[in-house]
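Here the structure comes first, spelled out in structure tokens, and everything after it is commentary.
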Number of protein chains: 2
Amino acid sequence: MSRNYAGLSRERIIIEALHIIAGRGLGGLSMRRLGDALEVEAMAIYHHFPLGKEQLFNAIAAYVTSPAPTGAAFDDEDEEASDSTEEETERVEEELDTRPWDVRLTMWAEAYRERLLAYSGALSLLAHRAPHTPNSAATHALMHRAFTEAGLRGDDVVRASDALHSYCLGSVVHQVRHSADEDAPDEEESTTRFTFGLRALLRGLV
Amino acid sequence: MSRNYAGLSRERIIIEALHIIAGRGLGGLSMRRLGDALEVEAMAIYHHFPLGKEQLFNAIAAYVTSPAPTGAAFDDEDEEASDSTEEETERVEEELDTRPWDVRLTMWAEAYRERLLAYSGALSLLAHRAPHTPNSAATHALMHRAFTEAGLRGDDVVRASDALHSYCLGSVVHQVRHSADEDAPDEEESTTRFTFGLRALLRGLV
DNA sequence: ACCTGAACACCGTTCAAGT
DNA sequence: ACCTGAACACCGTTCAAGT
């Protein structure tokens, strides 16, 4: 066929890439296979990601670590974050969240974990990438407020935030890493373990 | 040249692979490049890793997560762990370690972290691999003793072990992930943060 | 602007062959 | 047992061209 008005977009490409990753693993994602899935020649992808697969990986990493339905977080550095994406702010009105600090952090941690688990096939992309997204700034602010409210001061605030972030990420990596073990815990027990450690960490942190 | 008595071995291959990974990243490791570095045709590697690159990756993951100078931990599943590798047991005499449980866990955590940082280029290999090594059993026993000594009982012992493992792994991933940030903390501060979170976790766990 | 199609250098792996 | 060398299918990316 001569011409293909595929209506390609960065978001479509990323989502299709995540399908392939979920099905065949990260190693199973090739530009040609991705093109096939999008019903387009592989080279069409380069129009949306001119820097190639590495740029696509960055965008996937940003997408995976950003909360669900806001669509623009996965645009990467060379594109100014469009400041007009506050449709469906949903829980950015969390500034007026009056729940205790530990409840807010626990909610964040559980949501972060769920998202990482949902895209566990892309986990290894996160080992060397920490893309700047609108969401990462919001998370930073959320943690700063919560730990300050908990009584921490000075450098301890960022240290506690780092520890919480590390624990959540590590817990998911640990779970995925051992998911093929013959004595791997079921989903419920995995969640129990996550919560157990999370509570311990928050208790010890303040 | 007709014949090459290269004296190839699994360990030499793994170490050379880790050099390449350190220098050019995981994506820069190809069988052909690895062969060049070993001064051998790429296909010679298949004699030592008949299942190919995937098997090599597993062996690297085992090597990276096993303590330093014992040489046989990276043999993978299809090779029975040779039971004659107790030369230089060094700290396996830890059974008669009389230091407090938290000191022993802290020492383990710091050593584990150091090793992961030393091979940080291979970190993403650990996201989907948890190879069985002699060392993983030893670690499990060490943690079980320590947390039992700390007063934990039943399922909480393994939950605490998981939490500690998760935190250490996550802390390294978090550090490496952000090492390219313009405001990344220096090495000393990174260690301070690790210790801060580790102490908090151990305090909260018991 | 958006996509195609041929081309190039490189890759993992198989296989028959050499010693 | 250990390594070579040619071959095959596949890959990422460039580039000129089409609309």
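FYI, it's all coordinate maths here, none of it is from the lab. All of these numbers come straight from a predicted model, not from anything done at the bench. Every residue, glycine as well, gets a Cβ built from its backbone with ideal geometry; the counts of neighbours run over all protein chains shown.
Between A:Met107 and B:Arg99, the FRET efficiency estimated from the beta carbon spacing at R0 = 41 angstrom works out to 0.60. Distances, shortest first, from the label point of A:Gly23 to those at the same position in the other copies read 3.9 nm; the point lies 7 Å along Cα to C-beta.
Loop-only trypsin sites (Lys or Arg not before Pro) in the range B:103-206, please: DSSP not H, G, I, E or B, and at most 15 other Cβ atoms within 10 Å. Walk me through the numbers before you get to the answer.
Numbers: sites: B:Arg104, B:Arg113, B:Arg115, B:Arg129, B:Arg145, B:Arg153, B:Arg159, B:Arg177, B:Arg193, B:Arg199, B:Arg203; in loops: B:Arg129, B:Arg153.
Passing sites in the range B:103-206 are B:Arg153.
Scalar couplings 3J(HN,Hα) for the range B:102-111, obtained by applying the Karplus form with A = 6.51, B = -1.76, C = 1.60 to θ = phi - 60°, are 6, 5, 5, 5, 5, 5, 4, 4, 5, 5 Hz; x denotes Gly and Pro. When the square roots of the Cα gyration tensor eigenvalues are ordered a ≥ b ≥ c, the ratio a/c for the range B:126-206 is 1.5 or more and a/b does not exceed b/c, which makes its shape oblate.
Starting from 0.36 nm per residue, how many nanometres of slack lie between B:Ile15 and B:Ser136 once their C-alpha separation is accounted for?
Working: separation 121, 0.36 × 121 = 43.56 nm, distance 2.05 nm.
Extending this stretch completely gives an extra 41.5 nm.
Computed from phi, the 3J(HN,Hα) profile of the range B:124-131 under the Karplus parametrisation 6.51, -1.76, 1.60 (θ = phi - 60°) reads 5, 5, 7, 5, 10, 9, 9, x Hz, with x in place of Gly and Pro.
With its label point defined 7 Å out from Cα along the Cα-to-Cβ axis, A:His132 lies at 4.7 nm from the matching points of the other copies, in increasing order. A point 7 Å from Cα along Cα→Cβ stands in for A:Arg203, and the other copies hold the same point at 1.3 nm, listed in rising order.
Quick one: putting +1 on the C-beta of Lys and Arg, -1 on the C-beta of Asp and Glu, what dipole do you get for the range A:133-206 around its Cα centre, in Debye to the nearest 20? Walk me through the intermediate numbers first.
On the way: 7 positive and 11 negative charges, 112 e Å.
Using Cβ point charges on Lys, Arg, Asp and Glu, the range A:133-206 gives about 540 debye.
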